[in-house]
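Contents: one structure, followed by commentary.
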Amino acid sequence: MPDQGVAAAPPTVQRERRLDLDRARGIAILLVVFGHIVAQRVPPGIEWYEPVRYLVYCFHMPFFLYLSGTVVALSNSLAKPPGRVVRQRAVRLLVPFFAIGIAIFASKLIAVRLVHVDNPPQGLMGGLRDLFWTTSHSPATSVWYLLVLFLCTLVAMGLRRLGVGSTGFLVLGFSLQLIDVPAVAYLDRFASHFLFFAAGLWVAEREERFLPLFERWQVVWWAVFAAALTLAALGWVGPRLSAVRPGPAAAPMILCGLSCIPALHGAMRLAPVAQWKWPLVLGGFSMAIYLFNTLAIGGTKAVLMKLGFGWTEAWFPLHAVAAMTAGVALPVLLKVLVLRRVPAVDRLTD
């Protein structure tokens with residue numbers, strides 16, 4: 001995902017790379033791929049997947065926004081000249097947002113004539129409109145994080161220049177949860193996720209006090225997080241997941257998204273997780289995996305169905321394993337074998 005590791009500290013200070021953040025991204029990107037192995041509906045008879053995906057969606061993207069807010073705070077980006085930061089973030093986030101969105105849209109527009117395509121575009125003009133404006137029907141919904149992160153950074157910079165601190169960001173984040181924002185240009189997703197970006201800024205500015213508490217009280221944090229997931233699963237906070245779109249309501253996402261922060265972040269800093277190497281590898285490739293996993297998953301599903309492995313209960317385990325493998329491995333191979341040969345594209349996918 002965007003914002004690998006910890007961005008550069010002020011010139012006079014050389015920070016060590018934050019491996020806890022790298023590990024967190026590596027583990028969380030697997031949850032992203034898991035959430036994408038089914039684009040629309042599971043086959044009849046696979047009743048377990050939607051409830052599990054619902055719970056994953058209650059916290060995994062809030063946790064990514066928290067990590068991004070943490071990096072923005074540690075890199076001191078809000079104190080830098082705003083024009084330079086806006087240009088850097090636009091290149092870093094908006095260029096891949098438009099490029100990958102159009103790539104997914106174009107590939108679906110072509111592939112729909114040949115194979116089964118999940119969430120196909122409604123023609124050329126309708127698909128383009130849905131891609132960037134009426135985004136509740138976007139044929140490339142997975143790119144929303146890039147635009148939302150850009151908007152979060154812009155809003156935070158503007159508020160900071162007005163003298164608003166990170167506590168004020170949290171107040172705004174909670175307030176936005178109360179507003180019914182239309183699904184136009186992903187503004188609804190910005191409103192529902194700014195809280196978690198603000199939480200990352202708030203914690204990072206106080207991490208010397210809070211990170212030891214995250215580590216010391218792990219049992220408590222995991223108990224609270226498990227209780228939040230249980231309440232969400234039982235439907236006691238907010239409605240259950242729609243059968244079509246994995247979008248939890250505000251209450252379960254606030255509860256699970258905030259309670260996951262001390263549990264997951266603390267776990268990244270303690271054994272045995274702090275000794276694992278594989279999350280560091282995936283964390284290093286998280287941006288490439290994020291950008292290309294849906295294309296890899298969709299292509300894999302289409303090939304399997306073309307070979308006669310239908311979208312059925314009997315073949316769903318094969319589809320799930322193949323999709324998870326392709327969603328991780330193919331973007332990594334693309335990054336290593338192709339994208340690293342083009343410096344500009346390599347930087348955008350780091």
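Please count how many residues of region 73-93 are of a type outside the set (Val, Ile, Thr), loosely packed, with under 15 Cβ neighbours inside 10 Å and at negative phi.
8
Please go through region 160-171 and give me each residue that is in a helix (DSSP H, G or I) and not hydroxyl-bearing (Ser, Thr, Tyr), ordered by number. Don't jump to the end; show me each part of the working.
Going residue by residue through region 160-171, those that are in a helix (DSSP H, G or I) are 160-161, 166-171.
ARG160, ARG161, GLY168, PHE169, LEU170, VAL171 - these are the residues of region 160-171 that are in a helix (DSSP H, G or I) and not hydroxyl-bearing (Ser, Thr, Tyr).
Between a first residue in region 159-183 that is farther than 10 Å from PHE194 by Cβ and a second residue that is part of a loop (DSSP other than H, G, I, E, B) and at pLDDT 95 or above, which pairs have beta carbons less than 8 Å apart while being 6 or more apart in sequence or on different chains?
Note: pairs meeting the criteria are SER166/GLU205.
Residue-wise test of (1) in contact (Cβ under 8 Å) with a residue 60 or more places away in the chain; (2) not in a helix (DSSP H, G or I).
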{"residue": "ALA288", "(1), (2)": "yes, no"}
{"residue": "GLY298", "(1), (2)": "yes, no"}
{"residue": "ALA302", "(1), (2)": "yes, no"}
{"residue": "PHE309", "(1), (2)": "no, yes"}
{"residue": "ALA320", "(1), (2)": "yes, no"}
{"residue": "ALA329", "(1), (2)": "no, no"}
{"residue": "LEU333", "(1), (2)": "no, no"}
{"residue": "VAL336", "(1), (2)": "no, no"}
{"residue": "ASP350", "(1), (2)": "yes, yes"}
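Can you tell me how many residues in region 59-105 are basic (Lys, Arg) and free of Cβ contacts under 8 Å to residues at least 40 places away in the same chain? Before you say what the answer is, go through the steps one by one.
Narrowing region 59-105 to residues basic (Lys, Arg): 80, 84, 87, 89, 92.
This time we only want the ones that are free of Cβ contacts under 8 Å to residues at least 40 places away in the same chain, so: 80, 84, 87.
Looking only at that region, the number is 3.
Select from region 36-95 the residues that are touching an Asp or Glu at 6+ places or on another chain (Cβ under 9 Å), within 28 Å of HIS116 (Cα to Cα) and not polar (S, T, N, Q) and list them in ascending order.
Step one: of region 36-95, the residues touching an Asp or Glu at 6+ places or on another chain (Cβ under 9 Å) are 38-46, 67-68, 70-75, 92.
Then drop every residue that is not within 28 Å of HIS116 (Cα to Cα), which leaves 38-46.
Once the filter is applied, which keeps residues that are touching an Asp or Glu at 6+ places or on another chain (Cβ under 9 Å), within 28 Å of HIS116 (Cα to Cα) and not polar (S, T, N, Q), region 36-95 yields VAL38, ALA39, ARG41, VAL42, PRO43, PRO44, GLY45, ILE46.
Listed residues VAL332, VAL303, VAL336; which is surrounded by fewer than 16 Cβ atoms within 10 Å (Cβ to Cβ) and more than 20 Å from ALA111 (Cβ to Cβ)? Give the steps one after another, and end with the answer.
Details: VAL332 fails: surrounded by fewer than 16 Cβ atoms within 10 Å (Cβ to Cβ); VAL303 fails: more than 20 Å from ALA111 (Cβ to Cβ).
Going through VAL332, VAL303, VAL336 in turn, the sole match is VAL336.
Determine whether MET253 is within 30 Å of LEU333 (Cβ to Cβ), surrounded by 13 or more Cβ atoms within 10 Å (Cβ to Cβ) and either at pLDDT 95 or above or not aromatic (Phe, Trp, Tyr) (or both).
Working: within 30 Å of LEU333 (Cβ to Cβ): no; surrounded by 13 or more Cβ atoms within 10 Å (Cβ to Cβ): yes; either at pLDDT 95 or above or not aromatic (Phe, Trp, Tyr) (or both): yes.
So MET253 fails the test.
Considering LEU159, LEU170, LEU151, which residue is within 22 Å of the chain's Cα centre (by Cα), farther than 18 Å from LEU94 by Cβ and modelled with pLDDT of 95 or more?
On the way: LEU159 fails: within 22 Å of the chain's Cα centre (by Cα); LEU151 fails: farther than 18 Å from LEU94 by Cβ.
Result: LEU170 is the single residue among LEU159, LEU170, LEU151 that is within 22 Å of the chain's Cα centre (by Cα), farther than 18 Å from LEU94 by Cβ and modelled with pLDDT of 95 or more.
Is there a residue in region 41-53 that is within 22 Å of GLY284 (Cβ to Cβ) and in contact with a Phe, Trp or Tyr (Cβ under 7 Å, 6 or more places away or on another chain)?
no
I need the full set of residues from region 113-159 which are surrounded by fewer than 17 Cβ atoms within 10 Å (Cβ to Cβ), of a type outside the set (S, T, N, Q) and not in a loop (DSSP other than H, G, I, E, B), in order please.
Those that are surrounded by fewer than 17 Cβ atoms within 10 Å (Cβ to Cβ), of a type outside the set (S, T, N, Q) and not in a loop (DSSP other than H, G, I, E, B): LEU124, MET125, GLY126, ARG129, HIS137, LEU154, GLY158.
The values are calculated or read from the model by the stated rules, or taken from the named source; none is laboratory data. Quick caveat: nothing in here was measured; it's all calculated off a predicted structure. In this analysis, Cβ positions are derived from the backbone assuming ideal geometry, glycine residues included, and neighbour counts consider all displayed protein chains.
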